[in-house]
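Working notes, structure below.
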Amino acid sequence: MVLMQSYVIEGGWPLKGELVIQGSKNAVLPLIAAALLNEGITVLDGCPDISDVDKMLEIIRHLGCKAYKDKDSIIIDAASVYCDEIPEEMVKSVRGSMLVMGAMLARCGRIAMNYPGGCMIGERPVNYHLSAFEKMGAEVRYVENGILCTCTQLTGCTVALPFPSVGATENVILAAVKACGPTTIINAAMEPEIIELCRLLCIMGADISGIGSKIIIINKGISKRDVQYTVMSDRIVAGTYAYAAAVTGGDICCIVNRDDIMTGISVLCKKMGIKLKYGNDYVRIISGGKIRSIPYVKTEPYPGFPTDMQSQLMSVLSLGDGISVIEESIFEKRYHIIGELLKMGADIHSKESRAYIRGVKSLKGAVLDVKDLRGGAALIIAGLAADGTTTVLDPGYIGRGYERIADNLSELGGNIYLA
Ligand code: EPU
């Protein structure tokens with residue numbers, strides 16, 4: 001059953017104050033998958049309270065792990081893990097569930113699961129993951145609606161990715177830490193969430209070099225250890241609140257636990273006239289008033305401008321002082337919000353992978369439908385900046401990645417509540 005949530009927003013209130021940014025969704029999901037490799041206890045601190053995490057825990061429990069939450073910590077005991085099939089309802093809405101494949105192949109030599117879901121922002125094939133597993137010696141069979149992967153022993157090799165896929169890089173790393181011989185990933189994704197995964201695996205005993213670069217070399221080495229790790233702050237969540245502060249004429253301080261949290265986002269903030277100030281554990285975002293338009297920006301793998309901020313950027317630029325052009329180069333269906341922003345009086349059209357945005361003086365409140373996680377956050381940003389009341393109808397996407405977003409925004413002075 002779909003639980004519809006309505007965010008009711010009265011626009012025009014500047015965001016002000018301080019907010020501790022939640023742990024990163026896209027970091028914690030691979031860390032939970034990594035816990036499957038450790039026969040000791042894995043404790044992850046600073047985890048976000050979001051539904052994707054709950055679903056990922058359900059999956060690893062199904063595979064035999066003991067996993068429970070204690071405030072913002074997750075404690076995982078993967079001493080005994082079974083090679084069971086993962087049913088469709090467990091994987092259909094969480095993209096990160098695919099990462100269980102690399103970890104289970106390494107740990108048990110067998111995994112059967114349905115195709116992973118996640119937001120429908122493009123085709124999202126998993127061919128890079130599967131051909132890498134095959135190259136490492138696994139047998140991949142396509143069974144009804146799903147995939148069966150088996151191996152007797154994975155063998156290290158060179159995996160050259162056709163594109164720096166985040167998920168494929170993580171999956172190969174997870175599989176490689178128990179493979180025989182070194183594995184070299186060429187054209188690896190360099191996202192900070194991958195660095196997090198490598199760091200945790202190294203604490204578990206793995207030997208990984210080239211962490212954070214395009215070439216990663218992984219050697220076997222996981223042993224039974226009790227480990228503890230604090231998940232990085234969510235850079236996309238920080239960016240989302242930064243944009244919300246910028247369009248409302250606000251001034252907020254995001255408390256974060258890594259210093260490179262705004263990489264990929266900060267250059268564009270400056271171009272839009274948004275001021276950023278950094279401290280040891282925070283970034284302060286000060287609105288520069290009217291948003292300056294961006295003549296051209298393209299989403300790119302890290303350290304480029306992230307696709308996960310593209311929808312939020314579109315909301316901001318819809319109030320820009322001129323014409324902006326966004327090119328979405330990672331996912332082919334990530335313009336769901338255009339129709340919703342048009343209801344608010346925005347002037348946007350898209351052609352193939354480009355969106356053309358002519359800034360308008362103001363947006364007006366409307367009733368909006370959420371069709372994906374980041375699009376939902378973007379519509380909330382638009383509602384905070386709009387004149388009048390906006391109702392954002394969400395069948396559960398926003399809570400997959402944003403913890404207490406309505407509470408956080410109202411604590412910052414936004415006029416928003418969940419109905
Ligand atoms: N691709 C393939 N074949 C593959 C794998 C990827 O063709 O086997 C293509 C995809 O279709 C896409 C591109 O490569 O066009 C990049 O996809 P990638 O594999 O990097 O994305 P992902 O691992 O599925 C993660 C995040 C996404 C984020 C992207 C890009 C998680 C759980 N998800 O997805 O996060 O947009 O990387 O940075 O880490 C979100 O948080 O809202 C979100 C969608």
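The values are calculated or read from the model by the stated rules, or taken from the named source; none is laboratory data. Fair warning: this is a prediction, and the values are worked out from it, not measured in the lab. Cβ sites come from the backbone with ideal geometry, for glycine too, and all protein chains shown count toward neighbours. Just so you know, the surface numbers come from the protein's heavy atoms only, side chains and all, with ligands and any DNA or RNA stripped out. Shrake-Rupley method; radii C 1.70, N 1.55, O 1.52, S 1.80 Å.
Of note:
- Chymotrypsin sites (Phe, Trp or Tyr not before Pro) within region 7-90, DSSP loop, no more than 15 other Cβ atoms inside 10 Å: Tyr82
- Among the GluC sites (Glu not before Pro) in region 134-226, those placed in a DSSP loop whose Cβ has at most 11 other Cβ atoms within 10 Å are Glu144.
- Reachable lysines, given that their alpha-carbon falls under 16 Å from the alpha-carbon of Lys135 and they are not under 8 places away in the same chain: Lys178
- Here the calculated FRET efficiency for Ser6 and Lys290, from their Cβ-Cβ distance with R0 = 45 Å, stands at 0.90, rounded to the nearest 0.05.
- Based on C-alpha pairs under 8 angstrom that are at least 6 apart in sequence, the chain has a relative contact order of 21 percent.
- A viscosity of 1.567 mPa s and a temperature of 4 °C, combined with the Kirkwood radius over Cα pairs in Stokes-Einstein, give a translational diffusion coefficient for region 60-128 of 98 µm²/s.
- Taking all protein chains as shown and a probe of 1.4 angstrom, Cys83 keeps an accessible surface of around 60 Å².
- Among the listed pairs Lys55/Lys224; Lys71/Lys298; Lys220/Lys298; Lys298/Lys371; Lys277/Lys364; Lys69/Lys214, those with a Cα-Cα distance over 29 Å are Lys71/Lys298; Lys220/Lys298; Lys277/Lys364; Lys69/Lys214.
- Taking the charge dipole of the chain about its Cα centre, with +1 at Lys and Arg Cβ atoms and -1 at Asp and Glu Cβ atoms, the residue from Leu99, Pro192, Val325 reaching farthest to the positive side is Val325.
- Mean projected area (nm²) of the alpha-carbon convex hull when the chain is viewed from all directions: 18.1 nm²
- The GluC sites (Glu not before Pro) of region 351-419 that meet both conditions, a loop assignment by DSSP and at most 13 other Cβ atoms within 10 Å of the site Cβ, are Glu352.
- Toward the positive end of the charge dipole of region 83-219, with +1 on the Cβ of Lys and Arg and -1 on the Cβ of Asp and Glu, the farthest Cα among Met113, Ile211, Cys149 is that of Ile211.
- Comparing Ala378, Ala34, Ala79 in a Gaussian network model of the chain (Cα springs below 10 Å), the most mobile by mean-square fluctuation is Ala79.
- Using Cβ point charges alone (K and R +1, D and E -1), the dipole size of region 69-133 about the Cα centre works out to roughly 160 debye.
- Entry note, the chain: the mean residue ellipticity at 222 nm calculated from DSSP H runs of n ≥ 4, each adding -39500 (n - 2.57), is -8500 deg cm²/dmol after division by the residues and rounding to the nearest 500.
- Cα-centre dipole for region 25-230 with unit charges at Cβ (Lys and Arg positive, Asp and Glu negative), debye to 20: 440 debye
- Under a model in which nothing but the beta-carbon of Lys, Arg (+1) and Asp, Glu (-1) is charged, the chain shows a dipole of about 840 debye around its Cα centre.
- Report note on the peptides 383-394, 201-212, 241-252: ranked by the mean count of other C-beta atoms within 10 Å, highest first, their order is 241-252, 383-394, 201-212.
- Scanning the chain for trypsin sites (Lys or Arg not before Pro) that sit in a DSSP loop and have at most 16 other Cβ atoms within 10 Å, the longest stretch containing none of them is 93-213.
- Counted over the chain, the DSSP beta bridges are approximately 70% antiparallel.
- Cα-only Debye scattering, region 25-230: base-10 log of I(q)/I(0) at q = 0.17 Å⁻¹: -1.13
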